[in-house]
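Working notes, beginning with the structure itself.
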Amino acid sequence: MGTWDIGPFDNDTAADFSYRVDEAPVEKKAEVLRTSFREVIETGGEYLDSDLAVEAIASAALLAAQCPGGEPVTTSYGPKKPLGVLPEELRPAAVEALDRVLTEPSELLELWEESDGEEWKVGVLKLRGVLVGS
């Protein structure tokens with residue numbers, strides 16, 4: 001995975017995911033995000049692949065951008081097309097997915113712990129906070 005910074009879209013996998021979001025019809029964009037959350041959640045205690053984790057974080061960032069206190073996704077690596085209004089009922093799944101990303105065994109967590117893990121983790125927890133409304 002090519003990674004150049006700690007943001008949700010600062011890696012090749014998230015940039016590719018953005019393209020998939022853009023290619024989905026407006027009425028299906030929420031389902032693309034829902035699927036990314038579900039794939040992470042369904043790993044349970046099994047090893048979580050970093051690509052799945054990255055897509056869930058990118059999805060959470062897109063959802064959080066529509067929440068009070070959320071930051072807009074302005075990077076050129078994010079989706080280019082409008083998402084429409086995303087359903088609030090995605091928030092609990094997003095929070096659960098983020099919690100799973102930050103729980104061993106998680107490849108992405110392991111990779112970040114080898115470098116700037118704390119700063120990356122703070123960013124993920126900030127997304128989580130926006131999604132739970134705190």
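Readers should treat all values here as calculations from the given coordinates under stated rules, not as data from a laboratory. Just so it is clear, the structure is predicted and the values come from calculations on it, not from any experiment. Cβ atoms come from the backbone with ideal geometry, glycine included; neighbour counts cover every protein chain shown.
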Subject >> Selection status of V32, touching a Lys or Arg at 6+ places or on another chain (Cβ under 8 Å), among the β-branched types (V, I, T) and assigned to a helix (DSSP H, G or I) >> reply: yes
Original post:
If you take the residues in region 84-99 that are among the small types (G, A, S) and surrounded by 14 or more Cβ atoms within 10 Å (Cβ to Cβ), which one is farthest from P68 (Cα to Cα)?
Top reply: A97
Original post:
Which residues, taken from region 100-123, are surrounded by fewer than 20 Cβ atoms within 10 Å (Cβ to Cβ), touching a residue at least 24 places away in the same chain (Cβ under 8 Å) and under 16 Å from P8 (Cβ atoms)?
Top reply: L111, D116, E119, G123
**OP:** Name the single residue, out of those in region 11-55 being under 12 Å from the mean Cα position of the chain (by Cα) and hydroxyl-bearing (S, T, Y), that is nearest to L83 (Cα to Cα).
**Re:** S18
Subject >> Residue list for region 54-72, filter: under 17 Å from D10 (Cα atoms) and surrounded by fewer than 20 Cβ atoms within 10 Å (Cβ to Cβ) >> reply: A65, E71, P72
